[in-house]
Each structure stands twice: as C-alpha cells, then as structure tokens.
1. Tell me, what ³J(HN,Hα) does each residue in segment 222-237 have, in order and in whole Hz, if you take phi through Karplus 6.51 cos²θ - 1.76 cosθ + 1.60 with θ = phi - 60° and put x for Gly and Pro?
2. If amide H atoms are built 1.01 Å from N in the plane of the peptide, which residues on other chains or at least 5 residues away come under 5 Å of the amide H of residue 317?
3. If you restrict to DSSP beta bridges whose two residues both lie in the chain, what percentage is antiparallel, to the nearest 5?
4. Treating only the Cβ atoms of Lys and Arg (+1) and Asp and Glu (-1) as charged, compute the dipole magnitude of segment 111-236 about its Cα centre; round to the nearest 20 debye.
5. Tally Lys and Arg at +1 and Asp and Glu at -1 over the other residues with C-beta under 12 Å from the C-beta of residue 48: what net charge comes out?
6. Taking every pair of distinct Cα atoms and averaging 1/r, then inverting, what Kirkwood hydrodynamic radius in Å comes out for segment 221-265?
7. Provide, in order from the shortest bin, the percent of all Cα-Cα pairs of the chain in each 20 Å bin, continuing until the bin that contains the maximum pair distance.
8. Taking amide H positions as placed 1.01 Å from N in the peptide plane, with prolines and chain starts having none, which residues 5 or more places from residue 14, or on another chain, fall under 5 Å of its amide H?
Amino acid sequence: MTLQVPFAPAAPKIATESNPHCPTCGSRRRMAFARGHDYEHETCRNEWQFWQCNACATVWLDPRPESSTLGVIYPASYYAYQMDKISPIALKGKAMLDRLKFRSIFAHTGAPTSFLDIGCGDGRYLDLFAQRGIPRSRLYGLELSDESIRALQERGYQAFQRRVEDCTEISNGSIDLATMFHVIEHVSDPVRVLQQIARWLSPNGCLVVETPNIDSWDAQLFKDRWWGGYHFPRHWTLFQADSLARLMNAAGLDVVHVAYQTGHSFWMYSLHHVLRYGTRNGTAIAPFFDPVRSTIPLVMFTGFDVLRRMIGFKTSSILMIARRRMDTGR
Ligand SMILES: [Zn+2]
C-alpha cells in the first residue's frame, strides 16, 4: 500500500547527510528495507529510507537528517507531547508495569547501589530508585531537555543535560546499573555510545537497553512503510535480538538476558498511519488509534501484547540486559 494523500506539503524539506555504513559492523553491503515519512509529527516532508545490513541484519537510515536540523525534527513541544497527553489511567498502568519490569531486571542484575538512566525524562525511574533507599548522590540521569534537568538537579539528583558521548561528569567504574529505554535507536553512533557506558559500569555492572524489535508480527505486517517503530526520521538504527547482541559485544558487553516488552504504541501508530495516509476514507477514524489521545485501544493492545508474550511470541519492543566484560584490559 502506498501513500494516498500528499504528505505534509507545507512542511520543510530538510538537509540530509549520507550514512552509507552499517552502524553496528561497518559493512556497506545492504538491501532496501522500508520507506516512509514523519507520520507522527509532520516536521518535514522528506521521504526517508531504511536499509538492512547483509552481514548483521542491523537496519539504519540513509541519508539521515543533518545535525543542523535536529531542532526541526525534535521541536520544543516533542518531549512535552510525549508525557502530557497520556491519560491518568495509562500513567497508573505504566507505573505498575515499571515496577514489574524492574523486579524482573533485578533477578538478573542483583540490586544496584548506584543507577544511571539515559534519557531520564522527568525522572520517574530515578524516583523509583530513591524510594528503594539509594542516596540521590548515587542516582544519575542524562536528558537533553534543559527544563527537566534543572528540576531534577533541584531535587538532589545527579542530572546532566548531556549526550552520553559528551558527558564527563560520571566517573569510570561507578555505575552498577544503567538503563537506556528507547534511546539507542536515536543516537548517531551506537557503538561509541555503548562503549562509553561500558566504561562507566562498575565491575559486574549491567546495562539494560530497550528498543523497537524489527522481528515482531506488527513490524512484519507493516514493514514496507507504516510500522510505528520506524518513527521517521528520528529513529536512525533498528535491531532484533542478534544484531543488538552484536552491538553489545562490539562495545565490550556480554548479554545475560533477553525479554520482550509490551508495545501498544507501535500497533496503534501503525494502524493510525495506514488509515490516515494509506487510505482515502480512513482519515476520520485514524485519531482513534493515536496512542497519545486514545485510551481504549491502548488498554486493548497492551492486553494483546501481554497474551502474545505469555504464549512465547516476540513483541515489538526488545529488552536486553548485558554485563560489562572484564577482560578488556581497562
Ligand atoms: Zn552490519
């Protein structure tokens, strides 16, 4: 199915830069994988292209937005948009899922005495660890939103407005547990980012990465253009279990556990996009599937994913726990 309506004709066409090498293994051998537009925010009218590496199955965007356009593709409203419009019911559900998620993470990592959340937002995970009795001097958060960082610093957290690559405030060997939920797919050099995190980890320290999983039903069903996990043009690298493990290994981390998380928003965005842009008559019902505005399908698809995971299917969000390898001579 192709685009049935002209895509955001009033939006700018933004500058791009070439990115021909696989970000995980460096290969140039690749196949076309998917094409699409910025269906979530309509920040630009470019059509984008994902490629898949023949050697390691990593999927990446080429060309990608030039760094000078980051303010266009991440408008000031972007982060607020993510949190503010989620209904209180969804937030309660999220808090419950968070507690379950960390309980299962600790089963593999042990209970940490220091914690770093990369992409910490309003600090909801930092709060969770503070409630567990870890002093705020040992709770670290990185985030690009200046406003969130100021608020977190005022509350005593070690919060910095930095990208991982630019952060000098965290000492090597000081972090027992680092989490990076839905961030790795946005960064320009994922190997370099994970190498830096590996240096920050304490002996036996662990990193938990969660990211969209291209090896899931919904990803395959909407593969050509509409899958919500593409998030054109803000997702630059996409993985499945093998390619993500390869990335971890390249950064000196050994995988200890793989799990799959519920991913209602990818189902909903996929349906929203196909109705809104891929049909002539579906535009009016598309908003029903917008995950930031609509609660009923959110609960429905979360339930569906819980069932799907229980019977052993891979969902559209992969969670991987990896431990710092100790033979790297650091
Ligand atoms: Zn590759």
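The values are calculated or read from the model by the stated rules, or taken from the named source; none is laboratory data. These numbers come from a predicted model, not from an experiment. Note that each Cβ is placed from the backbone with ideal geometry, even for glycine, and that neighbours are counted across all protein chains shown. Ligands, DNA and RNA are stripped out before the accessible areas are found, and what is left, the full protein with its side chains, is counted by its heavy atoms. Shrake-Rupley method; radii C 1.70, N 1.55, O 1.52, S 1.80 Å.
1. So the J values, rounded to whole Hz, are 10, 3, 4, 7, 9, 4, x, x, 6, 6, 3, x, 8, 8, 9, 9.
2. 213, 261
3. 60
4. 220
5. Charge balance near residue 48 sits at +3.
6. Over segment 221-265, the inverse of the mean reciprocal pair distance is 12.6 Å.
7. 31, 62, 8, 0
8. Counting only residues 5 or more places away or on other chains, the set is 45, 46.
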